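> After the structure tokens below, expect a handful of questions from me.
Quick note: the coordinates plus some simple rules give every number you see, no bench work behind them. A quick note: this is a predicted structure, and the numbers were derived from the prediction, not measured. Ideal geometry is used to build each Cβ from the backbone, glycine not excepted, and the neighbour counts take in all protein chains shown.
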Amino acid sequence: MSDLVPILITLAVIAVLTPLAVWGARNAKRSKRAMAPLAGMMMLLGAFFTADPPPPPRSESTAREEEDEDGAADGTRPDR
């Protein structure tokens, strides 16, 4: 019986969500014109407020060693 519980829960969730998804798809087709102002506002906001890019993966980041960017181990900068 305990092996059937996850399967029954999955089937119940699918049975509840499927009619909701069909109803949402039907209403989305009807209300395209009603959502046009919202789409325009989202486009304007997206043009001015862009998302920050994600940080680089850990494999690309390197650990800092004792040497500075200029190559001096003691932290001093050479004359330019």
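> When the Karplus curve 6.51 cos²θ - 1.76 cosθ + 1.60 is applied with θ = phi - 60°, which whole-Hz ³J(HN,Hα) does each residue of segment 4-16 get, with x for Gly and Pro?
For segment 4-16, the Karplus-derived couplings read 8, 4, x, 5, 5, 5, 4, 5, 5, 5, 5, 5, 7 Hz, x marking Gly and Pro.
> For the pair Val22 and Thr50, how long in nm is the line joining their label points, each one 7 Å along Cα→Cβ?
It is 4.4 nm.
> Now a separate question. Run the simple label-point estimate for Arg58 and Ile14 please: 7 Å along Cα→C-beta, distance reported in nm.
3.6
> With the crude spin-label approximation of a point 7 Å out along Cα→Cβ, what separation in nm comes out for Leu4 versus Met35?
4.0
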